[in-house]
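Each remark here refers to the structure printed beneath this line.
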Amino acid sequence: MFAKVTSVALVGVDPQPVDVEVHVTNGRSVFTIVGLPDTAVREAKERVRAAFRNSGLHFPGGTVVVNLSPADLPKAGSAYDLPIALGLLAAIDDKHAAAARVVALGELGLDGALRHIRGGFGAALLGRRLGLPVVLPAEAAADAAVLEGAEVFGAGTLGEAIQVGLGRGVPAAPRTASGESPGPDLAEVRGQGGARRALEIAAAGGHHILMSGPPGVGKTLLARCMPSLLPALSPEDQLEVALAWAAAGLSRFGMLAPPFRSPHHSATLPALIGGGSGVPVPGEVTLAHRGVLFLDELGEFPAPLIDSLRQPIEDGHVVVARKGSTITYPSAVQLIAATNPCPCGFLDDGGQLCICSQRAIDRYRSRMSGPFLDRFDLRIHLSRVAHDRLAGPPGEPSSTVRARVIAARKRQQARGSLNSKLARAEIDELAWEDAAVRRLDEAVDVNRLSPRGWERVRRVAATIADLDESTVIADGHVSEALAYRVT
């Protein structure tokens, strides 16, 4: 007797089909699971056996062999309990054969109850791709049901899951997306006109930005305003972000604002990049995909942790090596970092005396390597704001700045990509004023710009021109871009 149920495994953030093949024969009572299962998967046989009996179902007394195919793909976690149970039921009872024609994922309790699992959104995406109904624990089903075109059913018990397979289930109601706040409004930032301008340029072109200055001048507030300046995620980006979060056991489908992640400086390398000792999960750089990764107190991060970000933010993906295999997670992020100029924060403050030794200052700054700092398109120093400006009227709100950002991005999208991602040949094709070209040439000699720095200045200048609605990149645009690079 044989039956097969489709389940799913997340390879990185990509849902891959897993055929749960169940073969039952007469003989001594043996229950075997093969196909590179981890400990949690192998323990499914005890949960399935108890769930059968406590759900009033007959558990076969012969030999049961479960194969999870493809056999060379590692299987992890307890979510294969449900497809194993449905396959076993279909194998021993032909009248339940229809119960196996689903995509299933879920952990079984000994009493037959279904428990929440991660990966439900990936199962829904696979079900839509294969044209099969999807049965999940009720909570996971509510999250996955928001995927348009997927036929998702929730079940609280093994018995309810069987009814879904027999065509007697009720489609899950999608969870209502929470009213996600895009962050503080830029109007809350008093003074700091130069930093506000730099943030607008960064938002318009997708550029990385580094802010330095003493404590309390507004660096963190400015960074947290960034999501309010960015356009809403496209449907394609929403799907990418939802899959990335689903791989971490989190739900984020239906959220329009770009994600904003701010890991603490004590975070571990797996927490930042991805991986872990058990089932691999995405790190903060992947949870910030298509959004903002904010590193506050950059000087407090260990140097190896900072340098581990260089390749992911440059390539737009991170590769995690695991026991002879590799897992790729997306990491197309906009990086914002804030740092104090020294450990106490008051170096060159002008208002409070710095108490740091030169050795402490050098050690603090050495954590931020030159190659890492070179990846910031804009660097700006923030000073204290005078009292009269603090008490003055608020600046432009985020909605006004956001309108300019969206208009500038539309001009870039007409060229194929944001300016921060333009290749050298694409930058060359833009219209450059002769004076702008001469200023760039002088900057290479005078300011000793690296080739990477030269390219990034040109990209920022193109963004400034887009914000000015200019079809030509002028000398003034290059001058402003250089000011953010050589500060």
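Every read-out reported here was derived from the displayed coordinates using simple, explicitly stated rules and does not represent laboratory data. All values derive from a computational prediction rather than experimental measurement. Methodologically, a virtual Cβ is constructed for each residue, glycine included, from the backbone with ideal geometry; neighbour enumeration extends over all protein chains shown.
If you sort the three axes of the alpha carbon gyration tensor as a ≥ b ≥ c, you get a/c of 1.5 or more for the stretch 210-272 and a/b no higher than b/c, which makes it oblate. Taking P(r) over Cα pairs in 20 Å bins from 0, in percent as the quantity of interest, determine which of [x] 22, 43, 25, 9, 0; [y] 23, 53, 21, 3, 0; [z] 23, 58, 17, 2, 0 was computed from the displayed structure. Matching the structure shown: [x].
A cut-off of 5 Å between modelled amide H atoms, ignoring neighbours fewer than 5 places along the same chain, links ALA172 with VAL152, PHE153, GLY154.
Straight-distance candidates among the lysines for linking to LYS219, with alpha-carbon spacing under 30 Å and chain neighbours fewer than 8 residues away dropped: LYS410, LYS421.
Separation of the stretch 403-457 from the stretch 194-241 is 19 Å, based on Cα centroids.
The phi-based Karplus calculation (6.51 cos²θ - 1.76 cosθ + 1.60; θ = phi - 60°) puts the 3J(HN,Hα) values of the stretch 265-271 at 5, 8, 4, 7, 4, x, 5 Hz, whole numbers, x for Gly and Pro.
Overall, the stretch 318-459 carries a charge dipole of about 720 debye about its Cα centre when +1 sits on the Cβ of Lys and Arg and -1 on the Cβ of Asp and Glu, all other atoms neutral. Backbone amide hydrogens, once placed in the peptide plane, bring PHE31 within less than 5 Å of VAL64, excluding anything fewer than 5 places away on its chain. Each residue of the stretch 134-148 was assigned a 3J(HN,Hα) from its phi angle through the Karplus curve 6.51 cos²θ - 1.76 cosθ + 1.60 (θ = phi - 60°); the sequence is 10, 10, 9, x, 3, 5, 5, 5, 5, 6, 6, 5, 6, 6, 5 Hz, with glycine and proline shown as x.
For the stretch 24-72 versus the stretch 286-336, the inter-centroid distance based on Cα atoms is 40 Å. Using C-alpha pairs under 8 Å with a sequence gap of at least 6, the mean separation divided by the residue count of the chain gives a relative contact order of 13 percent. Under the criterion of Cα pairs below 8 Å and six or more residues apart, the relative contact order for the stretch 422-487 equals 43 percent.
For the stretch 422-487, a/c is not less than 1.5, where a ≥ b ≥ c are the root eigenvalues of the C-alpha gyration tensor, and a/b tops b/c. That puts it in the prolate class.
From helices alone, the chain scores -11000 deg cm²/dmol at 222 nm; the rule is -39500 (n - 2.57) for each run of n ≥ 4 DSSP H residues, then divide by the residue total. Distances between placed amide hydrogens fall under 5 Å for LEU10 paired with GLN16, all partners being 5 or more residues away or on another chain. Which GluC sites (Glu not before Pro) in the stretch 72-148 sit in a loop by DSSP (not H, G, I, E or B) and have at most 11 other Cβ atoms within 10 Å of their own Cβ? Loop-located and lightly packed - GLU148.
Coupling constants for the stretch 393-409 follow from the phi torsions by the Karplus curve (6.51 cos²θ - 1.76 cosθ + 1.60, θ = phi - 60°), and in residue order they are x, x, x, 4, x, 4, 4, 5, 5, 4, 4, 5, 4, 5, 5, 5, 5 Hz; glycine and proline get x. Mean sequence separation of contacting Cα pairs (under 8 Å, at least six apart), scaled by the length of the stretch 186-415, corresponds to a relative contact order of 32 percent.
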